[in-house]
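The next block holds one structure in the form of C-alpha cells; read it before the comments.
Taken together, the values in this text are just the output of simple stated rules run on the coordinates, not laboratory data. These figures come from a predicted structure and were not determined experimentally. Cβ placement follows ideal geometry from the backbone for every residue including glycine, while neighbour counts extend to all protein chains displayed.
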Amino acid sequence: MLSARDAISRLIEGNKRFAAERASRDGLGRSRREEVAGTQEPFAIILGCSDSRVPAEIVFDQGLGDLFVIRVAGNIVAPSQVGSVEFAAARFNTRLVVVLGHSGCGALTAALEDLRRPGPQSRALRSIVDRVRPAVHDVVEARPDAPDADVLKLAIRANIRASVNHLRHASELLEGLIREEGLLVVGAEYSLDTGVVDFFEGAGDAAAQGR
C-alpha cells in the first residue's frame, strides 16, 4: 500500500514526464495486463472531469491497474461518485483521492452562461450545472464586472475545492479513513495548454504526514 505522500510524488513525476513529452507508457503491455487480470492495487483514486482532453492515466503517465478513475462532467460529487470513492478506498486500501479539474471546463462554462444568460436545459444537464453553479455564483458576486474568462479561472478552482470538501465529509466511512487510516483528499488542476497538473488544495497535508 502506497502512502498518500508517496502517491502524490508518483503522480507528479508521471505528469512531469507527460508534460515534457517523455512519457514512458510503461505498464500497458501484455505482461502487465496479465499481472492485473486477477487483482488490482490502484495507488490513487482520481475523480476527474469527463472532458476528452484530460484522460488521467495519460496525463499522469500511468499504466493498467495504477489508477482508479471516476469521470463525470465538472468533476462533481454526487452519491454515485461518493460510493465509488468509498469502494476503492475500502476495498483496495488506496490512500489518495485526487479531485482533478482542468482549465476551460465546459461544465463551469455552461454554469457561467446560465448565470449571465439563462436559457432552457435538459433536466439531466441541469443536475450537473446546479452542482457547479454555487462556485460560479460566488465568484460572480465577488467580482460582478470581471470578464467571463477571469470568472471561469477562479470558478474552476472554487469548484475543485468544493468537491474536495464534499468528499472529505461525504460519509462516515471516508471520514473514518481520513481520521484513522491516512486517507488524503486533494485538489488539482490540469492545464490544457501546458499539460501540467498543479496540486493546490490539501497537497501540503501529504508532506505533513511524512514528518
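The figures follow:
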item	result
Degrees, to the nearest 10: 123-142 long Cα axis against longest axis of the chain	70
Cα-based helix-to-principal-axis angle, 79-92 vs the chain, degrees rounded to 10	20
With Cα atoms, 0 to 90° folded angle of helix 4-19 axis to the chain main axis	70
Relative contact order (%) - the range 90-152, alpha-carbon pairs under 8 angstrom, separation at least six	37
Simple label model, 7 Å out from Cα along Cβ direction - Lys16 to Asn93, nm	2.8
The chain - charge dipole about Cα centre, Lys and Arg +1 at Cβ, Asp and Glu -1, debye rounded to 20	240
Relative contact order, percent, the range 4-209 [alpha-carbon distance under 8 Å, six or more residues apart]	24
Rounded FRET efficiency, nearest 0.05, which uses the C-beta distance separating Asp145 from Arg71 and R0 of 45 Å	0.85
Within the range 15-57: Cβ-based charge dipole about Cα centre, in debye rounded to nearest 20 (Lys, Arg +1; Asp, Glu -1)	200
Length gained when the stretch Val36-His137 is fully extended (0.36 nm per residue, less Cα-Cα span)	32.0 nm
